[in-house]
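Read-outs: derived from the displayed coordinates by stated rules, not from any lab. Computed from a predicted structure; not experimentally measured. In this analysis, Cβ positions are derived from the backbone assuming ideal geometry, glycine residues included, and neighbour counts consider all displayed protein chains.
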């Protein structure tokens, strides 16, 4: 059985109790170095650095009878690896355990309601800002190409004004939260981040 384990935004105290139970019985635990470092109690000989997806597909298909845990940041099915794994393995060989997403965490940190929010990601694609800006509230997981400054510029190029909430390294000790009008978003390097766009 392959278990996709949502580990939350990063802080250990935001992981579900189920996480520890699953990891205790795992034969192999796969994740990025950052993800694996969150679980020092897992024996090093059980840990496997996340390979590229073609190699991961081969490994998982060959090891379906083992207890394999694939770590997923946030929630596996909110712009995570959960959708991909369903395309490479039969449903009866997959168990997906949810986690707190960075978007959920950020909304709660800001005391903002998630109701009626449009959720999206800029990873590997060009966001359709004409469509996105039809919504009063948008939450976006960003990447290096489409970060906070680029998002703000896309808003301004459409002669619109919005407020941007930028959450970097959410739940980690280096967490940083900034709030800007679109015209004031600085052109700088941003750490791993989520952006919430609102009308006010």
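Between residue 160 and residue 20, what is the label-to-label distance in nm when each label sits 7 Å out along the Cα-to-Cβ direction?
Taking the two extended label points, one gets 4.5 nm.
Share of antiparallel DSSP beta bridges in the range 103-198, in percent to the nearest 5? Can you show the working numbers first?
Numbers: 17 of 21 bridges.
If I count the DSSP bridges inside the range 103-198, around 80 percent turn out antiparallel.
Return a whole-number percent for the relative contact order of the range 103-198, with Cα pairs under 8 Å and 6 or more residues apart as the contact set.
Numbers: 152 pairs, mean separation 29.1, N = 96.
Across the range 103-198, relative contact order equals 30 percent.
Sorting check: for 145-153, 27-35, 43-51, 74-82, which peptide has the highest mean count of neighbouring beta carbons within 10 Å, and how do the rest follow? Intermediate values should be presented prior to the final figure.
Values: 145-153: 19.6, 27-35: 16.6, 43-51: 12.4, 74-82: 21.1.
Packing proxy ranking, top to bottom: 74-82, 145-153, 27-35, 43-51.
Taking Cα pairs under 8 Å and at least six residues apart, what relative contact order does the range 2-100 come out at, in percent?
So the answer I get is 48 percent.
How far apart, in nanometres, would the label points at residue 119 and residue 179 be if each is projected 7 angstrom from Cα along the Cα-to-Cβ direction?
Placing both labels 7 Å along Cα→Cβ, they lie 2.3 nm apart.
Using Cα pairs under 8 angstrom and six or more residues apart, how large is the relative contact order of the chain, in percent? Write down the numbers at each step before the final one.
Working: 346 pairs, mean separation 42.8, N = 200.
In percent, rounded to a whole number, it is 21.
Calculate, in nm to one decimal, what residue 88 and residue 153 gain on full extension: separation in residues at 0.36 nm each, minus their alpha carbon distance. It would help to have the intermediate numbers written out before the result.
Working: separation 65, 0.36 × 65 = 23.40 nm, distance 3.79 nm.
Gain in length upon complete extension: 19.6 nm.
Report the antiparallel proportion of the DSSP beta bridges in the chain as a percent, rounded to a multiple of 5. Walk me through the numbers on the way to the answer.
Working: 18 of 37 bridges.
Antiparallel bridges: around 50 percent, rounded to the nearest 5.
Sort out for me the Cα centre separation of the range 137-168 from the range 14-30, rounded to whole Å.
35 Å
Label the chain by shape, choosing from rounded, prolate and oblate, from the square roots a ≥ b ≥ c of the eigenvalues of the Cα gyration tensor; if a/c is under 1.5 it is rounded, and otherwise prolate applies when a/b is larger than b/c, oblate when it is not. Don't skip to the end; give the middle numbers.
Details: a/c = 2.34, a/b = 1.94, b/c = 1.21.
Verdict is prolate for the chain.
When DSSP beta bridges are limited to those with both residues in the range 2-100, what percentage is antiparallel, rounded to the nearest 5?
Numbers: 1 of 16 bridges.
Close to 5 percent.
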